[in-house]
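Engineer: Got a structure for you, questions after.
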Amino acid sequence: MLFKGKVVKILAGKYWVLEGNTQYLCSARGALRNTDQEILVGDNVSFEKAEIPGRIIDVLPRKNYLVRPPVANIDDVLIVVAKEPKPDFVLVDKILINSYSQRIRPILCYNKIDLVDPTEVDSALSGYGQILDTIAVSAETGFGLSEIENLIKGRSVCLAGQSAVGKTSMLNAILGLNLKTGELSDKIKRGKNTTRHVEIFKALGAEIVDTCGFSMLENLKIHESELGYYYPDFLDYSERCRFKGCTHISEPSCGVKEAVEKGLVDKERYERYIKIYNEIKDSREKEFS
Ligand SMILES: Nc1nc2c(ncn2[C@@H]2O[C@H](COP(=O)(O)OP(=O)(O)OP(=O)(O)O)[C@@H](O)[C@H]2O)c(=O)[nH]1
Ligand SMILES: [Zn+2]
């Protein structure tokens, strides 16, 4: 007999499937393990539970998914940055592009504000204020967490960001849990990848997914000519571009470039756009050469 449930945790090739209030430890049918489409936390599945472990038979259609962090069927992605490790805003922009392309609402959090000057936080977030909710928080002192709670009530949210920005610490603070957190290595100020699996936690009528930190996001699955569509801050101005399909790189009379010059579009975000544009183009050309 088949049951329907939701994958709430994946660890070492095993899947925890929630049905009602009970979690069933499951393996996956061989045919599912051998496809490109791996099973993700957040997937709705049909499964057998007569034997232990149970067995996932099929993955039901998804509303959306992300490859990094690997998660399916979410409403919001809570992108976390902090003073340390040093924020990588190219990475943030790539997570945004993936979120918009999957119709996931992004929220940007600057954590560990107990360690920094407020002006530093403001300048880091200012380029994003036009397009999404930005929140300054401290998992340590609790500052700003209620703002996050208000935004995510009743929604499925996944945390995303580099290792050691404080994703698990924020979850601990919001949910009153005591999950293991890590530290930064002293010399290079990089995280040590403390969280090694993806898992959903429930509270506030919300589902919050803790994920593993990552510092690279390659292979955006879009063509560079479409990249501009995933920049909501460009949209108003791209209507003024002289050429239809303007990529806002080298075309004359480009509304986006004019907006950058006037300070209406964040200059650094535009510069990162060019970088990501070239990265996508180069990797596509390499693939086909
Ligand atoms: N001062 C300060 N330290 C924090 C804050 N939040 C987290 N930390 C510290 O940052 C370090 C990393 O925190 P984690 O919660 O493990 O980070 P993570 O993003 O979950 O890391 P991974 O699991 O490796 O992806 C720990 O030493 C935390 O104590 C904060 O708001 N202020
Ligand atoms: Zn243009």
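The values are calculated or read from the model by the stated rules, or taken from the named source; none is laboratory data. Keep in mind it's a predicted model, so treat the numbers as computed, not measured. Neighbour counts are summed over all protein chains in view; Cβ atoms, including those assigned to glycine, are modelled from backbone coordinates with ideal geometry. For the accessible areas, the whole protein counts, side chains as well, though only heavy atoms, and no ligand, DNA or RNA atoms are used. Shrake-Rupley method; radii C 1.70, N 1.55, O 1.52, S 1.80 Å.
Engineer: Using a 4.7 Å Cβ cut-off, which Cys residues in the chain lack a partner cysteine?
Structural biologist: Taking the Cβ cut-off of 4.7 Å, the unpaired cysteines of the chain are Cys26, Cys109, Cys158, Cys212, Cys254.
Engineer: Starting from the Cα gyration tensor of the chain, multiply each eigenvalue by 5, take the square root, and state the resulting semi-axes largest first in whole Å.
Structural biologist: Taking √(5λ) for each eigenvalue gives 35, 25, 17 Å, largest first.
Engineer: Under a Cβ-only charge scheme (Lys and Arg +1, Asp and Glu -1), can you give me the dipole magnitude of region 65-210 about the Cα centre, in debye to the nearest 20?
Structural biologist: 540 debye
Engineer: Okay, moving on. Along the charge dipole of region 224-288, Cβ charges K/R +1 and D/E -1, which of Gly263, Ser283, Tyr230 sits furthest on the positive end?
Structural biologist: Gly263
Engineer: Which length gain, in nm to one decimal place, applies between Val67 and Phe243 when the Cα-Cα distance is subtracted from 0.36 nm times their residue separation?
Structural biologist: That pair, Val67 and Phe243, stretches by 60.0 nm at full extension.
Engineer: Counting pairs of Cα atoms in region 3-59, how many percent are more than 15 Å apart?
Structural biologist: Result for the distance tail: 35 percent.
Engineer: Can you tell me the FRET efficiency between Glu279 and Val116 if r is taken as the Cβ-Cβ distance and R0 is 25 Å, rounded to the nearest 0.05?
Structural biologist: It comes out at approximately 0.30.
Engineer: Right, next: Where does each of 108-114, 127-133 land if you order them by average Cβ count within 10 Å, highest first?
Structural biologist: The most tightly packed comes first, giving 108-114, 127-133.
Engineer: Express the Stokes-Einstein translational diffusion coefficient of region 94-231 in µm² s⁻¹, to the nearest whole number, given a Kirkwood radius over alpha-carbon pairs, 10 °C and a viscosity of 1.306 mPa s.
Structural biologist: Using the Kirkwood radius from Cα pairs, D works out to 98 µm²/s.
Engineer: Would you tally the net charge around Val17, using a Cβ to Cβ cut-off of less than 14 Å, leaving Val17 out, and scoring K and R as +1, D and E as -1?
Structural biologist: Residues close to Val17 contribute a combined charge of +1.
Engineer: Please check which bits of region 232-258 a label hung off Ser225 would reach, taking the label as a point 7 Å along Cα-to-C-beta and the cut-off as backbone N under 20 Å.
Structural biologist: 235, 238-257
Engineer: Considering amide H positions built from the backbone, and no H for Pro or chain starts, which residues 5 or more places from Asp133, or on another chain, come under 5 Å of its amide H?
Structural biologist: Answer set, sorted by chain and number: Leu108.
Engineer: Let me ask something else about it. ³J(HN,Hα) across region 229-237 via Karplus (A = 6.51, B = -1.76, C = 1.60, θ = phi - 60°), whole Hz, x for Gly/Pro?
Structural biologist: Calculated HN-Hα couplings, in order: 5, 9, 10, x, 6, 8, 4, 4, 8 Hz.
Engineer: Assign unit charges at the C-beta atoms only (+1 for Lys and Arg, -1 for Asp and Glu), then state the dipole size of the chain relative to its Cα centre in Debye, rounded to the nearest 20.
Structural biologist: 800 debye
Engineer: What accessible area per residue, rounded to a whole number of Å², is obtained for region 65-210 using a probe radius of 1.4 Å?
Structural biologist: I get 44 Å² per residue for this part.
Engineer: Here's a follow-up. Within 10 Å, count the other beta carbons around each residue, average over each peptide in 163-172, 24-33, and list them highest first.
Structural biologist: The peptides rank, most packed first, as 163-172, 24-33.
Engineer: Please find the FRET efficiency linking Glu258 to Thr141, where r is the Cβ-Cβ separation and R0 is fixed at 41 Å, and quote it to the nearest 0.05.
Structural biologist: 0.45
Engineer: Right, here's the next one. Can you show me the helix-derived [θ] at 222 nm for the chain, built from DSSP H runs with n ≥ 4 at -39,500 (n - 2.57) apiece and divided by the number of residues, rounded to the nearest 500.
Structural biologist: -8000 deg cm²/dmol
Engineer: Relative to the compact globular guide of 2.2 N^0.38 Å, what is the alpha carbon radius of gyration of region 133-202, as a ratio?
Structural biologist: Ratio of Rg to 2.2 N^0.38 Å for region 133-202: 1.14.
Engineer: Also, quick follow-up: Using the beta-carbon distance between Leu25 and Ser101 and R0 = 45 Å, what value does 1/(1 + (r/R0)^6) give for FRET efficiency, to the nearest 0.05?
Structural biologist: Calculated value: 0.85.
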